[in-house]
Structure formats: C-alpha cells, structure tokens
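Some notes on the structure that comes next.
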Amino acid sequence: IVLISDGADNGTKFSAQEKARQWRGIAPIHTFGVGNPDDPKFLKDIALTRLHIADSLVPANTKFSANVTVQAPGYKDAEVEIGAVMEKDGTKHEVGKTALFKLIGAKDQPKKVACTAPGEPGEYKLTLTISKLEGEATHVNNEISTFVQVIKDQIRVLWVDRERVYEQKQAIDLALAPEQRFKVREVKLTGNEKGDALQFYGLDQEHFDVIIIGDISAKQFSFGDDTVFEKIKTMVKEKKVGLLMLGGSETFVKGDWHKQQAILDLLPVKLDVMGGDAEFSTLPVRARRSTEGMTHPLLILDADPKVNTAIWDEKFEELEGFAQVGKLADKATMLVHAPNDKIIMAARQFGTGKVVVFAGDSTAISWLTPDTVRAYKRYWRQLVFWLAQEEDRGNQLWIKLDNRRLNANAGEVLDFTFGLKDKNGEVAKAVFTAKVIGPDKQELPVSLQNRSGAFQGPKEAGEHQLEITAKAEDRAVKQTARFLVAFDDIEMLRPAAEHETLRRIAANGDGRFDVLNEETMLQYLDELRTQVNRESRHKTIHWPDWRRVPASDHPRDQLAGLWHSFALMTFLLFIALLGSEWVLRRLWGLV
C-alpha cells in the first residue's frame, strides 16, 4: 500500500493509526510526504471547527455554552477572543464573548463560549467569530455557524390579589403549579403596603410574561403611585406581556380602575358604568359563549366539539355573580356573556401583548366539580399560555435535534428524536412520516425508528429543514426544524503539511516514510520491480515484533508497543521468576 499525502489528519470518523495497525502482516504501508511542513505560507492560520450546542432547545434569557474547537498552527501563546452573535429575521443580537485567552497548541484546542439566549423565542442562526491575526493564511475559516432553537421554557406569572379563600388558591395550586413551565409569584396585599410599587412587585428588575390582577382597587395596587400603570402599559405594548384582570367586589369601576387612563387604554372593555350599575351583581349567572367564543382557542376545553359544548352549557355550573365592566372596547372580542348580553369575558390585542378581562370571581366554586376537574385545569392553563403567547407543549408535536450543524465532508449524521403529546400531556399513539427539504426544495429521505431518526448524505451545503408529520386519531399535525449543512474544506481549515503523522502510519503499517520527490519515487519503483510477489509467499506475523514503534506518547499506544515488542512480557517474566525464587528460599529456610 502506497499512501501519498501531506499528512494532515483531518478525519473525524476513524483513527488513521488504528487503521494502519490492522494491515500489519497483510500488506506494508509505505508513506510519501508532499508539501513542506516548514512552509511559512501555511505555518500560521486560525480556524474554528466542530461547533456543537449541548441542547438544541435553549430557554429564552438563559445561559448556554457553545462548544467549539480552535485550530491555530503558528500562533502558540497568541491572545485571541471569540464573539457570538445570534440572528433572526435580519436582526442580530450579541449574545456572548470570551475574555482574551492564549492559544496553547497548534490544533484541536477546545473552547467553551458562554452565551445568553435572546428573550424572543424562535429559531436563530448562531455564528462564532475568532479574532483575525496578522499573517494568517486565510480568514475564511475564522467563523462558524449553526442553528439554535430558543424557547420560552419558563413562563413567569405575577398574580396580585387580596386574600381570597378559593379563586386564586385553587387556580394556582390545581392548574398552574403542576405545570413545570409556570413560575408563579403570588402577592397577597393587605392594604397597608407602602413604598415603590415597581420595586415591590419586581417589575423594574424581573421580566414577567403574564400579570394577573385580582379583586383589588387601583390605589391598593399602586400604593398611590400611578407610575406603575404606565410601566404595565409599556410592558404590554412593547414587551409582549399578557395582562389578565379578574372580577370581584373591589375592582374595575368600584376600584377606580376607570380613572387610570394607562390601564383603560389596554382593556377590552370601556368601564363606562357608574353608580349602582357598577356594583357587583350577586345573582347566579350561567356563562354563555359568544359567536366568536365558540371557536376561540381559549374556550376549547376538549377536542370533541360535542364534549366541549356539554362542558360549557351543562357541566359548568352558574357563576356566583360577576362585576360590571360596561361596553366592549374598539378592536376587542367578547368571548363570554351573561344571558342579558352583559360582558363576562373579553379579549384584545394591544401592541405586542394580549389583554383579557374576566368579570367573574368564582370559577373555583362553580367550575370545579368532580366532573369538570380536567376542564377547569385546562381553562386556567390555556388562559395563561395564550396570554404569554406560548403554545401548550402538552398538546403538540415536538422535535429535538442532537446537532444543528453537519459537516458532510466528515461523514457526520443528523440524529434526532420526536414525539406527540395529547391534550392531557401524555404520549399519544400516532403514525409519523419525515422528510428533509434542501436549499433547492428537493425532498430527501429520512430513516425513522420508533421515536428517533437519522439523516445522512446531504447533496449540497446550506440551510435544510426537517419536517415531521404525525397522524393521530383526532388530528394531524406538522412540525419543522432547521439545521445547517456545511461542506467544510477541511484541508483549508488545516492547510499545513504534517509529515510526522505519515511517519507514524508507516511505523504502524510495517512500512517506511520518505519525502516525495523524483529520486525517492524512482528508487521505490525499482524496488517494486525486483520484489518477489508477496502473495506467493506465506504471510507471517512477527511476535515479538522488535521493530514496532508506538504510534504516540499516549499510555495506550505505549502499552501496545511494549506488549507487541515482547519487552513487557520479558519484564513481567523476570519479575515472576525473581519473586518465585524469593518465595522458595523463604519456604526452605534459606533466608
């Protein structure tokens, strides 16, 4: 076997030295080195390779590590830094940057870049860039990219209310607390609070996805400082924060909320009732869905329309009254009303956020019965998910990719897992199909097995999309995830010749190494012409093999070299004989 190469070991799938050892006794491997290992043109270069994110699903506003390998021939002890940028829809976010660090070797230096995910969920392209130094062979390999899926893993809820025995306790304990994604901060006011309301609630320091205001007055909520209302308006309008206001005897008009223009601008109702008309109605009332409410996602508590109708019209009992909220505001939707058409529940989009008003205060009494426990839990959970503009992952198809970047030239394979959960958060029975759509819209086959799959052999570089379809008894759903395929020119990432690698291959393959030139090649060809055909001779394996040279300084290679050269066996035999003599002399009383 004749191997002509520059010696740069750029493989990732197999060990060249181990493969060379497998040919011992079968065919010698003679290596010829091309290129100049001392060529100054290729002695100095910096490249980033093998970018990997431990988890392709990264929670928003949380820290994660981007693991990258640095190649830096000719720049030992040079100081560099790596910056990280995430891009979505043309908007770039600087998410991380290392401190200056020293390059400790020529190749394969691992580095972790600490990053902080953006607050906006979605699919982002993550790009790492290392410093450009003077004298590099090329700057093309100074950056590397992959995809990261940012999710809103935790939904932070601020619930401000007075002490009420049932409503918020049952909603939080039964519906919200069991959902791992919800982190609820419950604040119960006594009416004696003073100071800065923003600081008290943490609105100036902590991000909340949903704010729930219960049966309290505007003054009690703000501690007399109206600044907090402007803050909430800005959060809803610009930060996608959801707002829910609940009914009771101390809220809405009775609580002077109609005098706070910042809040009134947000609400889906006008609070235009006065005097006795603003009093809380204590008459039992059955909540009726409006025409829009029949199909609104907030009010679908069962996938079966007949069962859902039965829940609302029969199983949910009458509410123990409701607060008066007046007429519907512009661009708002009435979802639930009383038999006299007075509004019980309405919703509205305001800026980037969503706002809901629910005028009742007794769902924990009227809607929580032995027959409606599941529907009650789903109502509250669904309401918070909707306000947070997040899907309930307990009722969806999910995909998790082990890696979002493939180097096709290195033979890397995309492995992934997936599954479908039903409305109760349990794994559903479904039939899955999958395909990969390439940059040219060509559909490529994917192999599936149980709840996992693999894709290999991409034909072109660029962004690819994995599409999985699940067909269950009650529905068919589809989900996609993007990943990046790179045909990295590995030779350009590490362009310098490495003849030492060829010397080791030759040693492990019972061959010899020479620098490739006309003289050495002609000499070798002459030797081949006069060489006896090895296939006609009995193949022998020498043991002990006195010519064996360890492949590296690694203890594993050193031990293998000792074993095959008989040196280790000879040493152990010497120790055994010496020890046996000592034992016998002790037994015979000679010592």
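The values are calculated or read from the model by the stated rules, or taken from the named source; none is laboratory data. This one's a predicted model, so the numbers in the text were calculated from it and none came from an experiment. Quick reminder, even Gly has a Cβ in these numbers, built from the backbone with ideal geometry, and neighbours come from all protein chains shown. Heads up: the accessible areas ignore ligands, DNA and RNA and are worked out on the full protein's heavy atoms, side chains in. Shrake-Rupley method; radii C 1.70, N 1.55, O 1.52, S 1.80 Å.
For the stretch 161-195, give me each residue that is more than 18 Å from ALA388 (Cβ to Cβ) and free of Cβ contacts under 8 Å to residues at least 40 places away in the same chain.
First, pick out the residues of the stretch 161-195 that are more than 18 Å from ALA388 (Cβ to Cβ): 161-167, 169-170, 173-174, 187-195.
Passing the criteria: GLU163, VAL165, ASP173, VAL187, LYS188, LEU189, THR190, GLY191, ASN192, GLU193, LYS194, GLY195.
All but one of (1) assigned to a strand (DSSP E or B); (2) surrounded by fewer than 19 Cβ atoms within 10 Å (Cβ to Cβ); (3) not hydroxyl-bearing (Ser, Thr, Tyr) hold for MET345; state the number of the condition that does not hold.
Checking MET345 against (1) assigned to a strand (DSSP E or B); (2) surrounded by fewer than 19 Cβ atoms within 10 Å (Cβ to Cβ); (3) not hydroxyl-bearing (Ser, Thr, Tyr), the one that fails is (2).
Identify, please: which residue in the stretch 289-316 is open to solvent by less than 20 Å² (accessible area, probe 1.4 Å) and in a loop (DSSP other than H, G, I, E, B) and is, among those, farthest from ALA338 (Cα to Cα)?
It comes out as LEU301.
Give the residues of the stretch 215-263 that are polar (S, T, N, Q), open to solvent by less than 10 Å² (accessible area, probe 1.4 Å) and assigned to a helix (DSSP H, G or I), sorted by residue number. Spell out how you get there, then give the answer.
Residues of the stretch 215-263 that are polar (S, T, N, Q), as a first pass: 217, 220, 222, 227, 234, 249, 251, 260-261.
If we keep only those that are open to solvent by less than 10 Å² (accessible area, probe 1.4 Å) as well, we get 222, 251.
The answer is SER222, and nothing else.
Any chance you could count how many residues in the stretch 204-217 are modelled with pLDDT of 90 or more and farther than 18 Å from ARG164 by Cβ? Spell out how you get there, then give the answer.
First, pick out the residues of the stretch 204-217 that are modelled with pLDDT of 90 or more: 208-217.
Remaining after also requiring farther than 18 Å from ARG164 by Cβ: 208-210.
Going through the stretch 204-217 one residue at a time, the tally reaches 3.
Can you name the residue in the stretch 136-152 that is assigned to a strand (DSSP E or B) and polar (S, T, N, Q) and is also farthest from SER217 (Cα to Cα) among such residues? Before you say what the answer is, go through the steps one by one.
Just the residues of the stretch 136-152 that are assigned to a strand (DSSP E or B), to begin with: 143-151.
Pick out the ones that are also polar (S, T, N, Q) and you get 145-146, 149.
Numbers: SER145: 52, THR146: 50, GLN149: 41 Å.
Here the residue is SER145.
Could you please find all residues in the stretch 77-95 being open to solvent by less than 40 Å² (accessible area, probe 1.4 Å) and within 18 Å of ILE151 (Cα to Cα)? Spell out how you get there, then give the answer.
Residues of the stretch 77-95 open to solvent by less than 40 Å² (accessible area, probe 1.4 Å): 78, 80, 82-84, 86, 95.
Across the stretch 77-95, the qualifying residues are MET86, VAL95.
Which number in (1) at pLDDT 85 or above; (2) under 19 Å from ALA78 (Cβ atoms) marks the one condition that ALA117 misses?
Here ALA117 clears every test but (2).
Would you pick out the residues in the stretch 114-148 that are within 30 Å of VAL241 (Cβ to Cβ), among the hydrophobic types (A, V, I, L, M, F, W, C) and open to solvent by 40 Å² or more (accessible area, probe 1.4 Å)?
ALA114
Would you mind stating whether VAL325 is assigned to a strand (DSSP E or B) and buried (at least 22 other Cβ atoms within 10 Å of the Cβ)?
On the way: assigned to a strand (DSSP E or B): no; buried (at least 22 other Cβ atoms within 10 Å of the Cβ): yes.
No: the conditions fail for VAL325.
For the stretch 13-110, list the strands (runs of 3 or more DSSP E) that sit wholly inside it and hold at least 3 residues that are free of Cβ contacts under 8 Å to residues at least 12 places away in the same chain; which are they?
On the way: elements: 30-33, 47-53, 57-59, 63-71, 82-88, 91-97.
It comes to 91-97.
Does the stretch 393-405 contain any residue that is modelled with pLDDT under 90, in contact with a Phe, Trp or Tyr (Cβ under 6 Å, 6 or more places away or on another chain) and not in a loop (DSSP other than H, G, I, E, B)?
To start, the set of residues in the stretch 393-405 that are modelled with pLDDT under 90 comprises 393-405.
So of that shortlist, the ones also in contact with a Phe, Trp or Tyr (Cβ under 6 Å, 6 or more places away or on another chain) come out as 399, 401, 404.
Filter again for not in a loop (DSSP other than H, G, I, E, B), leaving 399, 401.
Scanning the stretch 393-405, I find at least one residue that is modelled with pLDDT under 90, in contact with a Phe, Trp or Tyr (Cβ under 6 Å, 6 or more places away or on another chain) and not in a loop (DSSP other than H, G, I, E, B), so the answer is yes.
Only one residue in GLU443, GLU491 is modelled with pLDDT under 80 and either exposed (fewer than 14 other Cβ atoms within 10 Å of the Cβ) or of a type in the set (S, T, N, Q) (or both), so which one is that?
Working: GLU443 fails: modelled with pLDDT under 80.
Result: GLU491 is the single residue among GLU443, GLU491 that is modelled with pLDDT under 80 and either exposed (fewer than 14 other Cβ atoms within 10 Å of the Cβ) or of a type in the set (S, T, N, Q) (or both).
Within 30 Å of THR69 (Cα to Cα), open to solvent by 30 Å² or more (accessible area, probe 1.4 Å) and in a loop (DSSP other than H, G, I, E, B) - does that describe any residue in the stretch 153-171? Walk me through how you get there before you give the answer.
If we filter the stretch 153-171 for residues that are within 30 Å of THR69 (Cα to Cα), which is where we start, we get 153.
Those still in the list that are open to solvent by 30 Å² or more (accessible area, probe 1.4 Å) too: 153.
After this cut, where a residue has to be in a loop (DSSP other than H, G, I, E, B) as well, the list is 153.
Yes, the stretch 153-171 contains at least one residue that is within 30 Å of THR69 (Cα to Cα), open to solvent by 30 Å² or more (accessible area, probe 1.4 Å) and in a loop (DSSP other than H, G, I, E, B).
Among residues belonging to the stretch 423-439 that are farther than 19 Å from ALA481 by Cβ, open to solvent by 30 Å² or more (accessible area, probe 1.4 Å) and part of a loop (DSSP other than H, G, I, E, B), point out the one that is modelled with the highest pLDDT.
Step by step, filter the stretch 423-439, then rank; the result is LYS429.
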